[in-house]
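Chemist: Next up is a structure, given as structure tokens.
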Amino acid sequence: MKNLNRGTLYTWNIKNTLWRLGFGVVWLLFLAAIMNACDSFVDVDLPNSQLTANAVFEEKATANAAMTDIYSKIRDAGLLTGSPNGLSHLLGIYTDELDFYGTLPSGPAFYNNSLLASNADVKDLWNTTYNQIYAANAVIEGVAHSVNLATADREQLTGEALFVRALLHFNLANVYGNVPYITTTDYAVNRVAVRIPVATVYANAKADLEQAIVLLPAGYLTADRTRPNKDVAHALLARVDLYAGLWNEASNEASAVLNNTGVYVYEEDLDKIFLKECTSTIWQLAPGFNSGNTLEAMTFNFMSGPPPLSSLTTDFMNIFTANDQRKVHWTQAVTDGTTTWYHPYKYKDSGTGTSTEYSIIFRLGELYLIRAEARAHSGDLIGAKEDLNVIRHTAGLADTVALTQAEILDAILQERRLELFTEFGHRFFDLKRFNSIQPVLSAVKPGWDAHDDLFPIPQTELNLNPHLLPQNPGY
């Protein structure tokens, strides 16, 4: 049976899979969630008593299972997974954060900036993420047709799915550039989808998030903050507005969360920021089993050298100033007696049998930096420095000495590099936003070209849907 996690968004074996895509996807999501029978919800045959999507969304428990299974898929594969095939690692080796040592098949292509449109990981990131978007759309449509779901449940699920749809499209656009914004499960529409400008993707994501904010509850459904609420949508909208250059809006969205001190308390202990109970966490993904921890810890941590996969670059380690406690608490040295390597040590638990860490997607530290940057651009230099200094003080550093707008923005870019390293490709995106990617990476990455600021569109997708043409420049 074809595995849709490695399939294509636009064309499938219609005879064998249209039922699954049109009606059965939510049942299969539900089946995987409640039975844990297989790794992929398309790896099993349909049950004899086929439960349609309509039936799934008539019950709160099954509808919630369909939604939460999307989060498990995001955790395990695609752009936001903490595995070696996610953006945290791939964009780390693609830029100036990580040196690559391992045998990951596509690793050398990312590390040496030699991606091709035929690259398997480039294709998998695209296909897996669009399948996750498809599942979110299936939830939106299923809930809309539900008769028995309570209004509060209907709004919660729709808000969550809109948030997921915005999150995934936003990240796709920052990796691939112009991409389709998929809002339906209609095969006839999706198979001829066209790419739209990045600015339009941002606008569509913003619209989805504004609707999600209306629908989502103010509080969390669960104490572990794994189901989005209004503040999670505000946090993503702050990021979208920042990338879109909407400075006042970005500042306001960040403030909406930062000012909610009854729910969020900024954690100043660096060793507690990535624990699952951290009060600075806005949204996180739970491990795959109750006693599990993060894929990030398994990806980045190692105990002996040389590194089995990757390590932090010497250039990155050298930018920490002497008193920066993030070097002490968020990196760890490993030596073989001759050579010393460093690995990210934000997530410390690689498998103790007790669940202590979840994968954090949004946290207060980023929002302070978002607001600092937005304030600096809008001329509020005092407010920008105040926000920047919150992050610096947590790292054990004195107030910034930056004075002018340009100096403050440079200081923010530097602080983002030190604060958000190996978290979902922030470094790559920041260099692009600051128009610094070409001078910075061409100096440290042999063969870096101007077109390397985008991944190629997978060639298989262009072959299947010519409406996706033209290919990104340089490929």
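Chemist: Just give me the residues in region 359-373 being more than 10 Å from ILE412 (Cβ to Cβ) and either among the aliphatic types (A, V, I, L, M) or outside the structural domain of ARG417 (by TED's automatic domain parsing) (or both), in sequence order.
Modeler: Answer for region 359-373, where residues must be more than 10 Å from ILE412 (Cβ to Cβ) and either among the aliphatic types (A, V, I, L, M) or outside the structural domain of ARG417 (by TED's automatic domain parsing) (or both): ILE360, ILE361, LEU364, LEU367.
Chemist: Here is a further query. Can you name the residue in region 430-470 that is part of a loop (DSSP other than H, G, I, E, B) and touching a Lys or Arg at 6+ places or on another chain (Cβ under 7 Å) and is also nearest to ASP241 (Cα to Cα) among such residues?
Modeler: Once the filter is applied, the top-ranked residue is PRO458.
Chemist: Given the conditions (1) of a type outside the set (Lys, Arg); (2) assigned to a helix (DSSP H, G or I); (3) closer than 19 Å to GLU461 by Cα, report the number of the one that THR184 does not fulfil.
Modeler: (2)
Chemist: Before we move on, is SER72 assigned to a helix (DSSP H, G or I) and of a type in the set (Ser, Thr, Tyr)?
Modeler: Taking the combined requirement at face value, the residue satisfies it.
Chemist: Return only the number of the condition from (1) exposed (fewer than 13 other Cβ atoms within 10 Å of the Cβ); (2) over 26 Å from the mean Cα position of the chain (by Cα); (3) in a loop (DSSP other than H, G, I, E, B) that PRO473 does not satisfy.
Modeler: With respect to (1) exposed (fewer than 13 other Cβ atoms within 10 Å of the Cβ); (2) over 26 Å from the mean Cα position of the chain (by Cα); (3) in a loop (DSSP other than H, G, I, E, B), PRO473 is out only on (2).
Chemist: Looking at (1) outside any helix (DSSP H, G or I); (2) over 16 Å from the mean Cα position of the chain (by Cα); (3) closer than 21 Å to GLY288 by Cβ; (4) of a type in the set (A, V, I, L, M), which is the only condition LEU80 fails?
Modeler: That leaves (2) as the condition not met.
Chemist: Turning to a different aspect of this structure: Looking at region 329-339, which of the residues that are touching a residue at least 12 places away in the same chain (Cβ under 8 Å) and not charged (D, E, K, R) is nearest to ASP271 (Cα to Cα)?
Modeler: My answer is HIS329.
Chemist: Oh, and also: Within region 83-108, count every residue that is closer than 21 Å to GLN284 by Cα and not in a loop (DSSP other than H, G, I, E, B).
Modeler: 6
Chemist: Are there any pairs with C-beta distances below 9 angstrom linking a residue in region 235-255 that is of a type in the set (Lys, Arg) to a residue that is surrounded by 22 or more Cβ atoms within 10 Å (Cβ to Cβ), with the two at least 6 apart or on different chains, and if so which?
Modeler: Note: pairs meeting the criteria are ARG239/PHE170; ARG239/ALA250; ARG239/GLU253; ARG239/ALA254; ARG239/PHE362; ARG239/GLU366; ARG239/LEU367; ARG239/ILE370.
Chemist: Among the residues of region 303-325, write down those that are assigned to a loop (DSSP other than H, G, I, E, B) and without any contact (Cβ under 8 Å) to a residue 40 or more places away in the chain.
Modeler: Within region 303-325, MET303, SER304, GLY305, ALA322 qualify.
Chemist: Given the options VAL122, VAL139, VAL143, name the one that is in contact (Cβ under 8 Å) with a residue 12 or more places away in the chain and closer than 17 Å to PHE455 by Cα.
Modeler: Exactly one of VAL122, VAL139, VAL143 is in contact (Cβ under 8 Å) with a residue 12 or more places away in the chain and closer than 17 Å to PHE455 by Cα, namely VAL122.
Chemist: For region 98-145, which positions are of a type in the set (S, T, N, Q) and at negative phi?
Modeler: Passing the criteria: THR103, SER106, ASN112, SER114, SER118, ASN119, ASN127, THR128, THR129, ASN131, GLN132, ASN137.
The values are calculated or read from the model by the stated rules, or taken from the named source; none is laboratory data. Because the structure is a prediction, the values reported are computed rather than measured. Ideal geometry is used to build each Cβ from the backbone, glycine not excepted, and the neighbour counts take in all protein chains shown.
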